[in-house]
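Trainee: Let me begin by handing over the structure; questions about it come next.
The values are calculated or read from the model by the stated rules, or taken from the named source; none is laboratory data. Keep in mind it's a predicted model, so treat the numbers as computed, not measured. FYI the Cβ positions are ideal-geometry reconstructions off the backbone, even for glycines, and counts take in every protein chain you see.
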Amino acid sequence: ADPNFRTAAALALIADDMREVDHVIAARLHSSVPLVGQVARYIISAGGKRLRPALLLLASGALGYRGRQRYNLAAVVEFIHTATLLHDDVVDESVLRRGRATANESFGNPASVLVGDFLYSRAFQMMVETDDMRVMQVLADATNVIAEGEVQQLINTHDASLDEAGYLEVIRSKTAKLFEASARLAAILAGSGTEMERACAEYGQALGTAFQVIDDVLDYDGDAQEMGKSLGDDLREGKVTLPLIIAMERGSEAERQLLRSVIETGSTGELGAVLEIVRRTGALDATRE
Ligand code: GRG
């Protein structure tokens, strides 16, 4: 079947549950400081895809769990995700998120960082309320690994020696870890045992990794001009995406040298040549595969 159809069918299964999650999210955004609610609602109501809550709901449903705790934990993973987005947009000095101005653009960096801290700590309040040590362990471990992944990504900026393993290590931490935790929590909620917990975690990890690989090159789709713009932005920022790594592996010595210098300097003077190497080596198709 068409994968888009399958996705739509899966999401239709949990449409009512997702409304419950949105109620929990709205209810748990309360704060005596108006700016907290304002910034938090600004980002949370901007239309995120709620992928991590969806994964938790679908997986726990498939394992036969029907308790209300799934709504709380789905809200927790969305709060953690949103906190990381607020911080990430400050780190990257991004101006657009979810089709509108980032919170840092609208409210400034300090408010973004601090409301990210609020969402993160609200998530931890809610996770402690579960009184379940395994749940707390999984979420504390995941957020720790996410932060480490971001630091490693910072270190990898403009690093032309980054290989596929190094690239994957970062995305497994910064992105896939929260997908992994969401699926793992489903198995914990359902009391499905350690084997199923491991299987769910592995599934979440694989899904999150594939998701980030595609997310990294989504803007490269479209015509050559669009790809040039996105690749140019990534090169200037020192982001070493998988197509660049594959093009480095597959290119001739001269091509490799050109790519190395462009990645290290972030200069886009040779952008046309870079695009041609990516095209000739089939690096984009290899990434999608
Ligand atoms: C607050 C614990 C903590 C850490 C901060 C900055 C940082 C450390 C982590 C950032 C991690 C990050 C931004 C990973 C990328 C995740 C990603 C693919 C975001 C886009 O996800 P979507 O497409 O977003 O699911 P929507 O908008 O749909 O929710």
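Trainee: Which condition breaks for Glu249 when tested against (1) assigned to a helix (DSSP H, G or I); (2) surrounded by 14 or more Cβ atoms within 10 Å (Cβ to Cβ); (3) not assigned by TED's automatic domain parsing to the domain that holds Val145?
Mentor: Glu249 satisfies every listed condition except (2).
Trainee: Okay, next question. Does region 145-155 contain at least one residue that is under 26 Å from Glu255 (Cβ atoms), assigned by TED's automatic domain parsing to the domain that holds Gly67 and more than 15 Å from the chain's Cα centre (by Cα)?
Mentor: Here is the first cut: in region 145-155, the residues under 26 Å from Glu255 (Cβ atoms) are 153, 155.
If we keep only those that are assigned by TED's automatic domain parsing to the domain that holds Gly67 too, we end up with 153, 155.
Subsequent filtering for residues that are more than 15 Å from the chain's Cα centre (by Cα) retains 155.
Checking region 145-155: at least one residue is under 26 Å from Glu255 (Cβ atoms), assigned by TED's automatic domain parsing to the domain that holds Gly67 and more than 15 Å from the chain's Cα centre (by Cα).
Here is a yes/no grid of residues against (1) modelled with pLDDT under 95; (2) outside the structural domain of Asn109 (by TED's automatic domain parsing); (3) not small (Gly, Ala, Ser):
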position: Leu13; (1), (2), (3): yes, no, yes
position: Ile25; (1), (2), (3): no, no, yes
position: Ser31; (1), (2), (3): no, no, no
position: Ala40; (1), (2), (3): no, no, no
position: Ala54; (1), (2), (3): no, no, no
position: Ala62; (1), (2), (3): no, no, no
position: Tyr71; (1), (2), (3): no, no, yes
position: Ala75; (1), (2), (3): no, no, no
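Trainee: Here's something else I'd like to know. Anything in region 1-51 that is aromatic (Phe, Trp, Tyr) and either farther than 18 Å from Ala123 by Cα or loosely packed, with under 10 Cβ neighbours inside 10 Å (or both)? List them, or say none.
Mentor: Hit for region 1-51 is Phe5, nothing else.
Trainee: Within region 185-204, identify whether any single residue is buried (at least 18 other Cβ atoms within 10 Å of the Cβ) and within 10 Å of the ligand (Cβ to nearest atom), and answer yes or no.
Mentor: Within region 185-204 (the criterion being buried (at least 18 other Cβ atoms within 10 Å of the Cβ) and within 10 Å of the ligand (Cβ to nearest atom)), the answer is no, since none of the residues qualifies.
Trainee: Report, ordered by the first and then the second residue, all pairs with beta carbons closer than 8 Å, sequence separation of six or more or different chains, a first member in region 126-145 that is free of Cβ contacts under 8 Å to residues at least 60 places away in the same chain, and a second member that is crowded, with 18+ Cβ neighbours inside 10 Å and not aliphatic (A, V, I, L, M).
Mentor: As it stands, the answer is Glu129/Asn72; Met136/Thr130; Val138/Arg184; Val145/Ser173; Val145/Lys177, since those pairs meet every condition given.
Trainee: Would you pick out the residues in region 75-106 that are in contact (Cβ under 8 Å) with a residue 60 or more places away in the chain and either more than 10 Å from the ligand (Cβ to nearest atom) or outside any helix (DSSP H, G or I) (or both)?
Mentor: Within region 75-106, Val76, Val77, Asp92, Ala103, Ser106 qualify.
Trainee: Quick one: which of Asp234, Asp219, Asp285 is exposed (fewer than 13 other Cβ atoms within 10 Å of the Cβ) and not aromatic (Phe, Trp, Tyr)? Step through it out loud before you land on a result.
Mentor: Numbers: Asp234 fails: exposed (fewer than 13 other Cβ atoms within 10 Å of the Cβ); Asp219 fails: exposed (fewer than 13 other Cβ atoms within 10 Å of the Cβ).
Of Asp234, Asp219, Asp285, the one residue that is exposed (fewer than 13 other Cβ atoms within 10 Å of the Cβ) and not aromatic (Phe, Trp, Tyr) is Asp285.
Trainee: Another one. Arg6: in a helix (DSSP H, G or I) and free of Cβ contacts under 8 Å to residues at least 24 places away in the same chain, yes or no?
Mentor: It is true that Arg6 is in a helix (DSSP H, G or I) and free of Cβ contacts under 8 Å to residues at least 24 places away in the same chain.
Trainee: Step by step: first the residues of region 107-133, then only those that are small (Gly, Ala, Ser) and farther than 15 Å from Phe79 by Cα, then the one that is nearest to the ligand (Cβ to nearest atom). Which residue is that?
Mentor: Restricting to residues being small (Gly, Ala, Ser) and farther than 15 Å from Phe79 by Cα, the top hit is Ala111.
Trainee: While we're here: Which condition does Ser106 not pass, out of (1) under 29 Å from Glu202 (Cβ atoms); (2) among the polar types (S, T, N, Q); (3) touching a helix residue (DSSP H, G or I) at 6+ places or on another chain (Cβ under 7 Å), if it passes all the others?
Mentor: (1)
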